[in-house]
Amino acid sequence: MYKNLLLLTATALLLSGCWGEKPEEKWHSFIYPDKENTKRSLKSPMVFKNLLECQEESKKQLAILKVTDLGTYKCGLNCEFHDGMKLEVCEKMLAAPVK
């Protein structure tokens, strides 16, 4: 009896993690007009709901700046500015696909 109750409780706890609320994704675009100089970037003021939106807007911004061939971009997930390090810290940072 106690074994079944313990097994049921353990199963319920494990499965509750599967249906937990997924944290909201916030993607940020970082444009590098010169892909050889990654210290100089422009951060988009827009926040995107998913990676695809970030990538598409980043490509548009490179075209607007007329640096499609010279520049590149990265998309960062849930980025926040860190005062001590004086830079953006992201959970994940994905570079543009290599052409």
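Laboratory data are not the source of any read-out in this text; all were calculated from the coordinates shown. Bear in mind the structure is a predicted one, so any value in this text is a computation, not a measurement.
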How much of the calculated P(r) for the stretch 24-95 lies past 19 Å, in percent of all Cα pairs? 29 percent
Added length on full extension, which subtracts the Cα-Cα distance from 0.36 nm per residue, D83 to N50: 9.3 nm
Between K66 and M93, what length comes free when the chain is fully extended (0.36 nm per residue of separation minus the Cα-Cα distance, one decimal in nm)? 7.3 nm
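Are any of the pairs K26/K86; K66/K86; K39/K59; K49/K74 more than 22 Å apart by Cα-Cα distance, and if so, which? Present the calculation step by step, with values, prior to reporting the outcome.
Working: K26/K86 20 Å; K66/K86 29 Å; K39/K59 19 Å; K49/K74 15 Å.
Listed pairs above 22 Å: K66/K86.
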